[in-house]
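Below: one structure, written as structure tokens.
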Amino acid sequence: MLKPANSKIIKSLFTFSMLLALTACGAGNGHLPDEPDNEPTLTETNGENLQSRPPVVKAPSFTQNEAFRILSKYDHVDPKHQIRDSLLRAALLFYDQNASMIKNKAFLSVIDFSLSSKQARFFIIEMKSGSVWAIHTAHGKGSDANGDGMAEKFSNTSGSDASSIGFYLTAETYSGKHGLSLRMDGLSSTNSNVRARAVVIHGASYVQEASVIQGRSWGCPAVTMTNRDRVVNSLKGGSLIYANKN
């Protein structure tokens, strides 16, 4: 009869094998791989005519009293205070003052690019209840040259491979190389070229719901494959997204 193996040896071997497995899949060092292909073009994603995109909209300005009056209507939003105040205020004010152009008013989203990609920073607000769903998202390779997980540079230029900041309006869905995807149009001068750049919401294997540096996209706010369908189906058809760092 074989003697039972020493439990400490078994535990050590198991721990070592798990470390090897994590290293092999890229998670052992806390850094996921990047999007492997070049920045897509509008043709590759079967984009619609650029002339159909909405015009650039200037963010409204308010007196302190006016802003307070508007924001008081949304006191129920973000009860756990997950979203940075300055970003949430700007998003709510724009949402309220541009309601006529927002077809999907059920959801309002904020992407906080001041946070590391290790953190859940894509905040999707269910406007009726005010509840917030916080998930991980990628930023563009051109926004994070050293790959440390912090977006530092933003661009509206094709070929920059960078994320763009500003207000977005979601548009139609399509099936691309990542499956179900969602096109967007930029409403700000800082992101007016996102449709031409094929910057879209899609699922990606280089994004995980984990505290690791996410892989870098070519400008798209990519989400996990697990969250893809819920995100796209919730936000499609004219939902407002605000992405910024300051």
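Just so you know, all these numbers are worked out from the coordinates, no wet-lab data involved. Keep in mind it's a predicted model, so treat the numbers as computed, not measured. Ideal geometry is used to build each Cβ from the backbone, glycine not excepted, and the neighbour counts take in all protein chains shown.
Structure summary
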read-out: Options H202, G166, G179, ranked by Cα towards positive dipole end of region 114-207, top entry (Cβ charges); value: G179
read-out: Along each principal axis, Cα extent of region 129-173, largest first, Å; value: 39, 25, 19
read-out: Relative contact order of region 58-132, defined on C-alpha pairs under 8 angstrom at six or more residues apart (%); value: 34
read-out: In Å, descending, principal axis extents of the Cα set of region 32-244; value: 49, 40, 29
read-out: Stretchable slack from K80 to A59, in nm (0.36 nm times residue separation minus alpha-carbon distance); value: 4.9 nm
read-out: Amide H contacts of L187 (H built 1.01 Å from N, under 5 Å, at least 5 apart or other chain); value: F167, Y168, L169
